[in-house]
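Each remark here refers to the structure printed beneath this line.
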Amino acid sequence: MTVKEVILTAATELGIKEEVQGFFDGNVFGVNKRKTELLLDCFNLVENEIALDYLPLYAEDELYSETGVVEYAAMERSVVRVLRVTDEWGNPVPFTVFPEYIKAQPGKLKVAYTYAPTKKTLGEESDFRVQVSARLLAYGVAAEYALATGLYEESAVWDKKYKDAITAAYKARPSRKLRSRRWA
């Protein structure tokens, strides 16, 4: 899903689709531009919030280190939490997390981690592919936009829809089921 899709969905929900569509059609001045830029800021905020607080984004990088020190800056994405480190054959490797790097054994390593999404522009794709829908993101964008423009009651309504959609997406995640116990 593209950022533009989410913003247009949120604009439709908020009743400002004509202004935002005007921006996309070439009228890039004045109110249309301000509203679209605010919606884009809200999108980036919501995508980041979902990734950090509710449904993390996962990545794995293959790196080589002669000393065993792997700096976060060398990784493809912005690291939030290192989950595991394995060697080139998939064997777990003990590691220590430091503020700017991780320390493991020297050699070829695979580092699995959660990451924060980068700030998006209108033409880019969301980092969420499967679990988060355009509608869920649009509800969050609508809630943030309404809050930013001073529509507090409307913001509360959109925020409830947003939180309900997150709960539904969270519950849709595969989980283990425990068998019920029977007591005599």
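Those residues that are of a type outside the set (G, A, S), surrounded by 14 or more Cβ atoms within 10 Å (Cβ to Cβ) and free of Cβ contacts under 8 Å to residues at least 24 places away in the same chain, I need them from segment 155-174; list them, please.
V157, D159, K161, K163
Which numbered condition in (1) under 12 Å from the mean Cα position of the chain (by Cα); (2) at positive phi is the only one that G68 fails?
It is condition (1) that G68 fails.
Give segment 62-72 a look and list any residue that's of a type in the set (A, V, I, L, M, F, W, C) and closer than 14 Å to V97 by Cα, or say none.
Answer for segment 62-72, where residues must be of a type in the set (A, V, I, L, M, F, W, C) and closer than 14 Å to V97 by Cα: V69, V70.
Which residues, taken from segment 93-111, are free of Cβ contacts under 8 Å to residues at least 12 places away in the same chain and either under 11 Å from Y64 (Cα atoms) or in contact with a strand residue (DSSP E or B) (Cβ under 6 Å, 6 or more places away or on another chain) (or both)?
Scanning segment 93-111 gives a single hit, T96.
Name the pairs: first residue in segment 1-29 and over 14 Å from L136 (Cα atoms), second residue modelled with pLDDT under 80 and aromatic (F, W, Y), Cβ to Cβ under 8 Å, at least 6 apart or on different chains?
If the second residue must be modelled with pLDDT under 80 and aromatic (F, W, Y), the pairs left are K4/F24.
The values are calculated or read from the model by the stated rules, or taken from the named source; none is laboratory data. Small disclaimer: the values here were computed from a predicted structure and weren't measured. Backbone-built Cβ (ideal geometry, glycine too); neighbour counts: all protein chains shown.
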